[in-house]
Amino acid sequence: MIHIFLTGKRFILICGLLYLFFIFSGWALAAQKKPAQSSMEQLNLLAFGGVGLLKYQMGGEPGGEAVSVDDSAWPCTFPGFKWPNPNTNVWLRSTMTIPEKIGGFSLIGRRMTLRLYIDNGGDVFVNGTLLGSFEWGPAEFVLSERLQAGDRIVLAVRAINRPGWGKVSEFSVTFSGMEDFQARLQDKVWGLFIAQRVAQKLSDRPEHWLAEIDKTAGRLMACKELQSGDEQGFLAAFDRESAGLSALQQEVKKKYQLYCAGYSHMDLAWMWPWEESVEMVRNTTQSVFNIMERFPDFKYSMGQAHAYEWLEERDPKLFAQIREKIQQGRWEVVGGQWVEPDGNLPSGESFVRQSLYGKRYFRKKFGVEVKIGWLPDSFGFNWNLPQILSRSGYTGFVVTRVDLNDSRDFPHRLFWWQGPDGSKLATYVMRDGYMHDLTGEQLVDFIAEEKKELNIGKELVLYGVGDHGGGPTMAMLERALRAQTAPAFPEMNLAYAEDFFNALTDQDRAKLQTWSSELYLESMRGCYTSQARTKKHNRQGEVLIQTAEKASALASLYDYDYPQENLFSVWRTVLFNQFHDILPGTSINSVYQRNEKEYAQSNQLSRLLTQRALESLAQHIDTRGPGEALVIFNPLSWSRTSPAAVELNDLEKDKSWSILDELGNAVATQVIERTPLGAKLLFIAREVPSLGYKTYRLVAKQSQPSPSQLAFTRTDMENRFLRVTLDPATGLLSEIFDRSLQRAVLSEPKGNLLQVLIDDAHDAWNMNYSQPPVDLNRPREISLMEYGPVRVTIKVVQAYQGKKREEPTPDFPTSFFTQYISLYDGLPYVEVRNEASWWEEHKVLKVGFPLNVHAPQARYEIPYGSITRPTGSTTRFEKARFEVPAQRWADLSADGYGISLINDCKHGYDVKGNVLRLTLLRSSTYPDPTADKGFHEYSYILYPHAGDFYQAGVVQKSYEYNEPLQVLRTPAHKGELNRNHSFITVESDHVILHVVKKAEEGEGWILRFYETAGKEGMAAVRIDRSIKRVEEVNLIEDPLQSISSTRDAFDYQIKPNEIRTFRVEWR
């Protein structure tokens, strides 16, 4: 045993040493718990106030502001961060500890200020306490009036997003008296941040380069310039100490290229009328020219011929400057269309004319050939766009939003989009929308994402302020310059969008996957129905102008001056109002008030042009005979039997009239729509020749017509095809019986059921209903409205009880629906003509038919084609497609039988199992709080048939219902043309001749055909005059190849779902 004896002083000394030991041990343990800030963290604090990198978490639920929150596992982001989800929040956090000094720089005693600009606003918390809130726009908060050493600041910002994208445009912290130095230092420190990101995400040796960057930061923190507080010397030290990263720079520049196209998305009408957009286009163009003066490498891309035309008419000097910039290689024309239209709702021919008139405008004004299709903001894309665009001369296509679906991640970014005919188009879905601001961190992330996908090392980025114009800014170009001076960054090109597609090598293109279907957007279902009047005007406008073109072309064979300028004037109105925020119904009310007038004028002009052309043509027809001649013109390319109506004025409406056929036999007639101003004389015109006419006679005497096969009671009616029964208790169709095939059409007695659904999506874009529908099956009136030999009509009035009203009539219905359910003599369908007085909010109106057909898929018409979609919903994506777009029809067929629902102005359908529904109206309140309130008229027919849609001629039937026969009254006179005549016939039951017009340039006519059944075949075309030559052209009328012909005919082979166009010249 060893005995140690301590004196008092020695004991005290040892105790003191032990005390110091424990104190220092405690400090050491504390240091282990809270490690010293790294060199990069200190640089971040000095340059960015600690917010150059931010921790973030989606959701923004309460509690994210607490000091105790462990955010160590949160991912990092940066000022410039964007997120696509509307009505979502994000927590952004940074924790800063203020040291005594950072080298020779002191933060003690300085004011610490936070500056924010977040779309749409947010809340600011410091150390768990709310400092303040802010709305969209610049905001400023003082985090500390006077910093002290050791201050620990936990900064938490809840960024709040409402509709659209959320974006952190500015998130910066400055120290008073150091603002200028911080601004200069940020570029240098940012370069190291970027080098870290590049090393981690793009390098083949990430660990090596991350270590090298840490060493670089350590050398900077230890350098004499920092320690002495030499601002200029410290800034210069970055270039010296970063030289060791040059090999990393060479590696990434060799492997990765960014193509950055300056762009401004310009909505020609949306939250503002188009008159304001004129100034928007002018101001954006001038801003672009100003940037070009300062940045010689800057290039700009702009589309939409209509916007260029505004400049040409209103600012010729600015327009001339655009021409100069194009010649200098600094201005790119993209898109090539008249406007950037909706991707689903325009007809096939409207899509063609968008490019025909747009591309020819750009050729004429600038001598450029636009190769890149451009729909960066449309709300879905129909399956036939690859064919329509590729046959219009496009080699690439840029879209967006396809990656924003909720139920399924779209599997491609750059891919081959294949149409139903097999046409392929290289298509690019933009990352992060169309308004990037060249934030370097995001650009690196884009390349990293591409590396995981195709790894071709090329990425296209659109940058610039958009929607209301604006374009690229000086700050964006400065960021581009800064990126190019970073220690490591991909090759960055200020480029055209076309440069990106041209840079794709054969090896790159071989990697592209193929997508062969539509591009469906889940959050845009309401666009198929919102603003019903505009959709009706569009359908009518498309029909009227093409009828006018056909009539004018035929009349021009007989010395009639083809009115090309007037026809284009109408097309110009139709195409402009197909803009992707007008036709889908997503603009403010004033836009629709204005286009009501525009449509009225253009439709009136179309009718006038048709009338003039037919009157000119009729002068050459032998119309001799009793009474007046009725020349019935058929604008379709097959012989048809359809209703026709003769207008009677106020002096004629009460007289007795007969209509005689070509043999002098009286046909059945019926006076309808009688008013004090006049009436109509309805009859069935039978076998009117293809693209031709048939002459009937109107005589002022009563003749015995041929017998009608219509029979009826108050609730029943039938013709030789169908028997229809109405349930007087519900007002619904309890039975539709197909007399030809002896089978029931309905599976239960609920045909023509109107349903009102509560729409949880209150804006114009989406549609979302979760509650059971309200069935309208308590009729207020049922009556036999018409009972003539041509048409029998039962009138049914239903009503909907919406919000209760104030006294004295609290339970009075809020909306009324009058339906005229008709059968025609000798026609195989049931027609329902509707008048709706609609005053609801956040509601959807549908009509449904439970059909006696069960099929796994239904077929829907799309522009110049059709598509099948499942009737069941086994996957999340199928469930999400509970509302789909179509043109004129949807068809459910199986086992040799089917039923089609054909409409005259609607686009939204759904089929669940055997129930086929058409969406009629919806009432959103944003951006137009009065959307669709008021009076509406629309019609549809239910067409039961044997066989599938092709065998039953559903496509032809839909044309017949939408394009009525034209009736011209003309006096008796001689003429060289027979009383019945076809100018053009097409010998094929699955090929439709849809366009007959004069060529835009040169001699001859343009004839456009498309195949409808998905099968290959031969089409023979016969014309009533001598052919000089036939040449196949593309959709913008450029020559492709000569086609052999005989004296009055030519034939050609057509592939499944193919569109083909020919120029025909006469001798």
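The values are calculated or read from the model by the stated rules, or taken from the named source; none is laboratory data. What you see is a predicted model; the values in this text were computed from it and never measured. Because the Cβ atoms are built from the backbone with ideal geometry, glycine has one as well, and the counts that use them run over all protein chains shown.
Among residues of region 225-245 that are under 13 Å from K215 (Cα atoms), those with a beta-carbon under 6 Å from a residue that is surrounded by fewer than 19 Cβ atoms within 10 Å (Cβ to Cβ) at least six positions away or on a different chain give the pairs E241/R219. Of the residues screened, Y256 is one that is over 30 Å from N903 (Cβ atoms), buried (at least 24 other Cβ atoms within 10 Å of the Cβ), touching a Leu at 6+ places or on another chain (Cβ under 7 Å) and not acidic (D, E). Within region 145-172, the set of residues being under 30 Å from W209 (Cα atoms) and either aromatic (F, W, Y) or surrounded by 22 or more Cβ atoms within 10 Å (Cβ to Cβ) (or both) comprises V168, F171. Does any residue of region 877-890 turn out to be closer than 24 Å to P779 by Cα and crowded, with 22+ Cβ neighbours inside 10 Å? No, there is no match, as no residue in region 877-890 is closer than 24 Å to P779 by Cα and crowded, with 22+ Cβ neighbours inside 10 Å. Counting only residues that are in a loop (DSSP other than H, G, I, E, B) and either hydroxyl-bearing (S, T, Y) or surrounded by 16 or more Cβ atoms within 10 Å (Cβ to Cβ) (or both), which one in region 763-776 is nearest to the chain's Cα centre (by Cα)? It comes out as W765.
Restricting V724, V671 to those that are in a strand (DSSP E or B) and either more than 24 Å from L851 (Cα to Cα) or in the same structural domain as P635 (by TED's automatic domain parsing) (or both) reduces the list to V671.
Mind checking which residues of region 367-386 are of a type outside the set (A, V, I, L, M, F, W, C) and closer than 29 Å to N766 by Cβ? Residues satisfying the conditions are G373, P376, D377, S378, G380, N382, N384, P386.
With respect to the conditions (1) over 25 Å from the mean Cα position of the chain (by Cα); (2) surrounded by fewer than 18 Cβ atoms within 10 Å (Cβ to Cβ); (3) not aromatic (F, W, Y), V278 lacks only one, and its number is (1). All but one of (1) part of a helix (DSSP H, G or I); (2) within 28 Å of V352 (Cα to Cα); (3) not charged (D, E, K, R) hold for S590, so report the exception by its number. Unmet condition: (2).
With respect to the conditions (1) buried (at least 24 other Cβ atoms within 10 Å of the Cβ); (2) closer than 18 Å to L583 by Cβ, P376 falls short on a single one, namely (1). Go through the residues of region 201-210 one by one and say whether even a single one is under 25 Å from T97 (Cβ atoms) and in a helix (DSSP H, G or I). Looking through region 201-210, at least one residue is under 25 Å from T97 (Cβ atoms) and in a helix (DSSP H, G or I).
Here the condition is being among the charged types (D, E, K, R) and outside any helix (DSSP H, G or I); of R197, R146, R184, it holds for R146 alone.
Of the set (1) more than 28 Å from R624 (Cα to Cα); (2) surrounded by 14 or more Cβ atoms within 10 Å (Cβ to Cβ), all apply to Q1053 but (2). Filtering region 275-320 to residues that are closer than 21 Å to Q337 by Cα, in a helix (DSSP H, G or I) and polar (S, T, N, Q) leaves S277, T284, T285. Scanning region 125-160 for residues that are among the small types (G, A, S) and over 44 Å from the mean Cα position of the chain (by Cα), we see that the one that is nearest to S176 (Cα to Cα) is S144.
Matching residues to (1) surrounded by fewer than 18 Cβ atoms within 10 Å (Cβ to Cβ); (2) among the aliphatic types (A, V, I, L, M); (3) outside any loop (DSSP other than H, G, I, E, B):
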{"site": "Y950", "(1), (2), (3)": "no, no, no"}
{"site": "V955", "(1), (2), (3)": "no, yes, yes"}
{"site": "Y961", "(1), (2), (3)": "no, no, yes"}
{"site": "R969", "(1), (2), (3)": "yes, no, yes"}
{"site": "V996", "(1), (2), (3)": "no, yes, yes"}
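Within region 858-916, restricting attention to residues that are of a type in the set (S, T, Y) and farther than 24 Å from Y829 by Cα, the residue that is farthest from the chain's Cα centre (by Cα) is T874.
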